[in-house]
Amino acid sequence: MRLTRIAAVAVIGALALTGAACGKGTSTAEPTVPPKTFAAGTTMAKLNTAQKITVGTKFDQPLFGQKGLDGKPAGFDVEIAKIIAAEMGIPADKVEFIESKSAVREELIEQGKADIVVATYTINDTRKKRVAFAGPYYVAGQDILVRKDDTSITGPDSFKDGTKKVCSVTGSTPAKTIESYVQDKTKQIVLFGGYAECVAALKSKQVDAVTTDNVILLGFAHDEPTAVKVLAKPFTKEPYGIGVKKDDTAFRDFINDVLTKIYTDGRYEKAWKDTVGDVAPLVPGPDVNRY
């Protein structure tokens with residue numbers, strides 16, 4: 001009996017030593033995001049220390065940024081934001097997403113309510129007066145969504161006769177662009193806070209079309225294929241950027257470095273295929289603009 005007890009103790013001791021050895025360097029419980037270090041005083045260091053980042057994104061745009069039944073947004077923009085967070089050592093469950101409608105994107109950045117905005121955010125000179133942009137990380141093109149059975153609208157010139165109404169979103173680039181194609185913008189252009197409202201107005205025949213970037217419209221057409229269709233005739237180029245505070249050059253450079261890296265390491269491709277891949281082919285990530 002004594003020998004049996006001694007043997008048992010020996011086995012337990014061996015297992016304990018084995019467990020201790022594993023705990024030092026061979027544990028299978030690897031961290032989801034490896035530790036990161038950044039220069040003191042940078043936004044990256046601040047966010048890494050806080051282990052939290054607040055991201056402004058859309059909540060009503062299928063495939064790019066749409067809030068699901070679980071209350072969490074999903075889409076390509078959401079995945080890009082998570083990748084940027086991971087590069088700062090912040091895990092996905094520490095990324096807080098807040099709704100960033102087109103009309104308030106600059107305000108969210110200026111007021112510090114969002115650390116970055118990833119929200120189908122077209123880079124243009126007017127916006128650059130208030131915020132800075134990393135990217136672009138995708139180049140879209142403005143297009144038109146119509147009812148499935150409508151053959152009367154063939155492009156933006158169809159609005160020049162003054163009889164048709166087109167919907168877009170307050171503060172958006174497409175809303176401004178379409179003004180040059182209508183006779184009377186006060187009567188023909190209908191503006192809402194989000195594109196889901198425009199699509200609802202289209203289906204109920206309050207408007208004749210919706211205009212914004214093609215990939216956004218493709219998401220709505222994907223969700224309601226029997227109700228609406230995209231003309232698939234883009235007439236502009238819309239470079240999507242990631243908004244940061246205007247003078248935060250170090251943070252903008254960091255994000256540009258991240259984008260450049262993921263174009264070739266497979267993460268950009270995976271993010272696209274997991275979100276937009278069913279409705280639009282992947283195109284190579286565009287060169288970032290290090291202005």
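The values are calculated or read from the model by the stated rules, or taken from the named source; none is laboratory data. Given the structure is predicted, the values throughout are model-derived calculations rather than measurements. Please note: Cβ atoms are built from the backbone with ideal geometry, for glycine as well, and neighbour counts cover all protein chains shown. Note: accessible area is taken over every heavy atom of the protein model, side chains too, but ligands, DNA and RNA are not part of it. Shrake-Rupley method; radii C 1.70, N 1.55, O 1.52, S 1.80 Å.
Among the residues of the stretch 177-196, those that are in contact (Cβ under 8 Å) with a residue 12 or more places away in the chain and either under 26 Å from the mean Cα position of the chain (by Cα) or part of a helix (DSSP H, G or I) (or both) comprise Thr177, Ile178, Tyr181, Lys187, Gln188, Val190, Leu191, Phe192, Gly193, Gly194, Tyr195, Ala196.
Of the residues that sit in the stretch 263-291 and are open to solvent by less than 100 Å² (accessible area, probe 1.4 Å) and hydroxyl-bearing (Ser, Thr, Tyr), which one is farthest from Asp223 (Cα to Cα)? Once the filter is applied, the top-ranked residue is Tyr263. Just one residue in the set Lys94, Lys52, Lys101 is open to solvent by 70 Å² or more (accessible area, probe 1.4 Å), modelled with pLDDT under 95 and closer than 30 Å to Tyr195 by Cβ; that residue is Lys101. The set of residues from the stretch 161-184 being surrounded by fewer than 16 Cβ atoms within 10 Å (Cβ to Cβ), over 24 Å from Ala140 (Cα atoms) and among the charged types (D, E, K, R) comprises Asp161, Asp184.
Yes or no, residue by residue, for (1) farther than 19 Å from Val244 by Cα; (2) modelled with pLDDT of 95 or more; (3) open to solvent by less than 40 Å² (accessible area, probe 1.4 Å); (4) within 11 Å of the chain's Cα centre (by Cα):
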residue	(1), (2), (3), (4)
Ala21	yes, no, no, no
Pro31	yes, no, no, no
Lys36	yes, no, no, no
Ala40	no, yes, no, no
Ala45	no, yes, yes, no
Asn48	no, yes, yes, no
Lys58	no, yes, yes, yes
Ile80	no, yes, yes, yes
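All of (1) modelled with pLDDT of 95 or more; (2) open to solvent by 10 Å² or more (accessible area, probe 1.4 Å); (3) within 25 Å of Val279 (Cβ to Cβ) hold for Leu108 with one exception: (3).
Selection over the stretch 233-260 of residues that are more than 21 Å from Arg105 (Cβ to Cβ) and either under 17 Å from the mean Cα position of the chain (by Cα) or without any contact (Cβ under 8 Å) to a residue 12 or more places away in the chain (or both) gives a count of 2.
When the stretch 57-101 is examined, which residues are found to be of a type in the set (Lys, Arg) and in a strand (DSSP E or B)? Write out each step before concluding.
Applying the first criterion (of a type in the set (Lys, Arg)) to the stretch 57-101 yields 58, 67, 72, 82, 94, 101.
Passing the criteria: only Lys67.
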